[in-house]
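A quick write-up on the structure given underneath.
All of the numbers you see were taken from the coordinates with simple rules; none came from a lab. Bear in mind the structure is a predicted one, so any value in this text is a computation, not a measurement. Here the Cβ is made from the backbone with ideal geometry for all residues, glycine too, and neighbour counts use every protein chain on show.
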Amino acid sequence: MMSLFVQIAKAFSKHERLLSLGAAVILVVSGILLAMAVVNQNTNIVPDDGGSYTEGVIGQPSFINPLFADASTPDADLTRLLFASAVDMAESIKHSSDFKTWNLRIKDGAVWHDGAPITSDDIIFTVNTIRNTNVLSPLFPEWQNIQPSRISEREVEFDLAAPYSMFENILAGLRPVPKKLFADLSPAHLKLSPYMREPVGSGPFMYDYLKKRHNGFITAYNLKANEEYGAIGPVPHIKNFTINFYENNDNLINAYNLGLVDGFGTSDQTFLDGIKLNSTTLSLPTSKYYALFFNQNANSSLVSKNIRLALSQAIDKKDLVQKIFKGEAFTEYGPIPSSLSSYNPTVEPLIKYDTEEAKTLIAQDGWQLNSGTNSWEKKDKNKMIQLSVTIKFPNDYPLNEIAQYIKDAWNSINVETSISPVDAQHIEDEAIRTRDYEVLLFANIVFPTPDPYSFWHSSQKFYPGLNLSLYDNSLADQIIESIRKIEVGSDRRKTQIDQLQELIADDIPAIFLASPNYFYVHKHNISGINIGTISLPESRFDQVTSWYVKTKRVFK
């Protein structure tokens, strides 16, 4: 057969042979393209297992343990990857009709990274350690009035001091630790355990090794996929997950631009200006909002609703979002962020931007504009007082910029405004603990299933409560207490949350400003990063088991 083709080829002229060769090449290429088209048409691209991913984080881990990990820290990032939550490991969560007793049953086959089974004793030990005042766990306030007890090896019961229909919020934040590793240690020695740096957890990833410099600075934590995680949740596609740590923004950006890091997250939009690589930037909604909280006890002028309304009407929130956040934020009008499904949009028309009406409201409250000083004055107890306010805030981005914007807005309606930045590390001790502020510019973070109690119930007016406006409304208290006794997801609960939002918006104990987006940046050639709404920075890992860096084709 081959000799026949050779004879035919010799019979062709040189020109005919070239034409034949060209036709053959076209035929082969067409066949390949046709085969590729058929494959593409009849298959889908899906995630494949394997590969590695490196994320960059600013700061240093200290205690990689859910008992001690503060929110929004490198510790919280690592514990989110290394430890499963009680909700993750629950086969079922049931409650009594009055929401005071809750039962959690652990999934069959759920194990620690060392292969030992996770039991109710582990959960009870974790809760009781948190409740120990000598441990000083940041989770103590949530668990102080909750008593756990053993039902069986896989079932634990929680007895609450009061009805609480949103107890799953608290369970979602509970990441149990193995009792056998810490039970013999006193509270004073817990932090000395080697398992604070080399943890044994239950999460989708497990500790492999760490790297550090001679000076002790930890440069990286290397984690590997927990192949036994399948009893709790999906086993990660990514098999090696590394977190590199950097001293500051510049070092992280440089590492990313050099290709040493695959991705990173940030709340600081200015951070993105230094990116040089071809990247994908995810702009993600958050359940955090910035607001101005009025302390009427510290400034008698703020007792008047007219004045609070005037100050609110002087702020062009849409302009603020454009100028401070470059449009990467949502304007807010009430105590629940617009990113959440429980948000009530009817609060939006209650406050409008109108500087002239703001001045009219101030005049209606008895203030007169002094043409000489260009400020509002009125007589109080035989002396003239000036309408003035001071805004206190953490000295950090973007609060400095927001405070200056608000100052300019209030000065534009002739309200003398001062701004007072406080060191961000000490804002709680210096201002919030003692409620030492007239107006506090601060952020609140709301659970996806909101519980307004700590932010707006009158019993939480003073520390450690977070009712930063010292809001006191008996009807609001009744609604808040009722919400805690109603089944999550019910129409009655939605009606009451809607009513509460309208009530708070109408009372104006605070001015709700904006909910900023969170940014996650990764290399453009990586397509498998899935992140939903962000509450805390570590929330970016909530769907980490679905992340992937490799793909494959499967037939439809």
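Here are the numbers for this structure:
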quantity	calculated
Environment charge at THR346 (Cβ cut-off 9 Å; Lys +1, Arg +1, Asp -1, Glu -1)	-3
Packing rank of 261-271, 458-468, where each peptide gets the mean count of other beta carbons within 10 Å, highest leading	261-271, 458-468
Interchain or long-range residues, amide H under 5 Å from GLU91's placed H	ARG105, ILE106, LYS107
Sequence-distant residues sharing a close amide H with ASN473 (under 5 Å, placed H)	SER458
Hydrodynamic radius (Kirkwood) for segment 378-425, which is based on Cα pairs only, to one decimal in Å	11.9 Å
Where only alpha carbons of segment 288-516 are counted, the Rg and the Dmax (Å)	17.5, 60
Calculated FRET value between ASP208 and SER490, using beta carbons and R₀ = 51 Å, to 0.05	0.65
Convex hull of Cα atoms in segment 153-312, direction-averaged projection (nm²)	17.9 nm²
Positive minus negative residues near ILE362 (Lys, Arg vs Asp, Glu; Cβ under 13 Å)	-2
Cα-based helix-to-principal-axis angle, 14-42 vs the chain, degrees rounded to 10	40 degrees
FRET efficiency for LEU260 and VAL46, using Cβ-Cβ distance with R0 set to 30 Å, rounded to 0.05	0.55
Table column - 3J(HN,Hα) (Hz), segment 277-286, Karplus curve with 6.51, -1.76, 1.60, x for Gly and Pro	6, 5, 10, 10, 10, 8, 9, 10, x, 10
For PRO138, net neighbour charge (Lys/Arg +1, Asp/Glu -1) across residues whose Cβ lies under 11 Å away	-3
Karplus-derived 3J(HN,Hα), 6.51/-1.76/1.60, for each residue of segment 108-118, Hz, glycine and proline x	5, x, 5, 9, 6, 4, 8, x, 6, x, 7
Approximate spin-label separation LYS318-GLN144, in nm, with each point projected 7 Å along Cα-to-Cβ	4.5 nm
Residues of type lysines that LYS552 reaches as a straight line, Cα spacing below 26 Å, ignoring anything fewer than 8 places off in the same chain	LYS224, LYS239, LYS523
Cα-centred dipole magnitude for segment 288-516, charges only on beta-carbon of K, R (+1) and D, E (-1), debye, nearest 20	240 debye
FRET efficiency for ARG433 and LYS552, using Cβ-Cβ distance with R0 set to 56 Å, rounded to 0.05	0.50
Built amide H within the under 5 Å cut-off of THR242, gap 5+	TYR53, THR54, GLU55, LEU223
Charged-residue dipole, Cβ positions (Lys, Arg, Asp, Glu), the chain about Cα centre, Debye nearest 20	1500 debye
Selection of GluC sites (Glu not before Pro), segment 376-459, meeting DSSP coil and at most 16 other Cβ within 10 Å	none
Relative exposure of PHE205, PHE158, PHE217, judged by other C-beta atoms within 10 Å (fewest first)	PHE217, PHE158, PHE205
Which of GLU157, GLU55, GLU502 has the fewest Cβ neighbours within 10 Å, and the rest in rising order	GLU502, GLU157, GLU55
Estimated vicinal HN-Hα couplings, Hz - segment 429-440 in sequence order (Karplus 6.51, -1.76, 1.60; Gly, Pro = x)	6, 8, 10, 5, 4, 9, 6, 8, 6, 8, 10, 10
The chain: angle of helix 399-411 to the longest principal axis, Cα-based, in degrees nearest 10	40 degrees
For the chain, alpha-carbon Rg over 2.2 N^0.38 Å	1.22
Ratio of Rg to Rh over segment 397-469 (Cα coordinates, Kirkwood Rh, two decimals)	1.01
Radius of gyration, Dmax [segment 417-506; alpha carbons; angstrom]	14.9, 45
Dipole of the chain, positive direction: furthest Cα of SER72, PRO509, ASN306, with charges on the beta-carbon	SER72
GLU538, GLU356, GLU153 arranged by Cβ crowding within 10 Å, fewest neighbours leading	GLU356, GLU153, GLU538
Span per principal axis, largest first, for the Cα atoms of segment 53-247 (Å)	55, 36, 29
Mean separation of Cα contacts under 8 Å (6+ apart) over length of segment 288-516, as relative contact order %	33 percent
Unsatisfied cross-links (Cα-Cα over 24 Å) in the set LYS305/LYS392; LYS318/LYS359; LYS179/LYS288	LYS179/LYS288
